[in-house]
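Worksheet: one structure, shown below.
The values are calculated or read from the model by the stated rules, or taken from the named source; none is laboratory data. A quick note: this is a predicted structure, and the numbers were derived from the prediction, not measured. Cβ sites come from the backbone with ideal geometry, for glycine too, and all protein chains shown count toward neighbours.
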Amino acid sequence: MYKYFTEKELVCRHCNKTGMDDEFMQKVDTLREKMGFSFPVNSAYRCKNHPIEARKAFPGAHASGRAIDIGVSGEEAYKLIQGALEAGFTGIGVSQKGPTRFVHLDNLESQNFRPRPHVWSY
Ligand SMILES: [Zn+2]
């Protein structure tokens, strides 16, 4: 169980399957505590049949249960990125254009098809 997240927020939105990695979520929960502002969950676990995952050539970070998209922008996004770097998250994706703004965090290891550490935009 987590202090700041419910199971329902973390399930695959396509099939309601749970699949988040517990160690990863403990890290996110600790970061949330430190940040002191809310972490709206845009996307957490996505099974391999989720429409976004199904079209990928290689398994996506969200299918591993070690990735989360947090719906923050502006100053909170700045603080979140700083906190995530300090906490050792290795993948940081920044989406800060248009109506759906978020910061993706994961803690995956480097693989041929997915280098880490890595920062990208959408
Ligand atoms: Zn699913």
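General observations
- Taken together, the criteria exclude Val94 from residues that are buried (at least 18 other Cβ atoms within 10 Å of the Cβ), β-branched (Val, Ile, Thr), within 20 Å of Tyr122 (Cβ to Cβ) and touching a helix residue (DSSP H, G or I) at 6+ places or on another chain (Cβ under 8 Å).
- Count - residues of region 97-112 that are farther than 13 Å from Asn42 by Cα and not acidic (Asp, Glu): 7
- Counted residues, region 35-53 - those being more than 23 Å from Pro115 (Cβ to Cβ), assigned to a helix (DSSP H, G or I) and either modelled with pLDDT under 95 or within 11 Å of the ligand (Cβ to nearest atom) (or both): 1
- Counted residues, region 95-122 - those being within 19 Å of Ser73 (Cβ to Cβ) and within 11 Å of the chain's Cα centre (by Cα): 4
- Within region 63-91, restricting attention to residues that are in contact with an Asp or Glu (Cβ under 8 Å, 6 or more places away or on another chain) and under 24 Å from Lys34 (Cα atoms), the residue that is surrounded by the fewest Cβ atoms within 10 Å (Cβ to Cβ) is Thr90.
- Whichever residue in region 54-74 is within 11 Å of the chain's Cα centre (by Cα), closer than 20 Å to Leu108 by Cβ and assigned to a loop (DSSP other than H, G, I, E, B) and, among such residues, is farthest from the ligand (Cβ to nearest atom): Arg66
- Whichever residue in region 1-34 is more than 12 Å from the ligand (Cβ to nearest atom) and in a loop (DSSP other than H, G, I, E, B) and, among such residues, is farthest from Ala54 (Cα to Cα): Lys3
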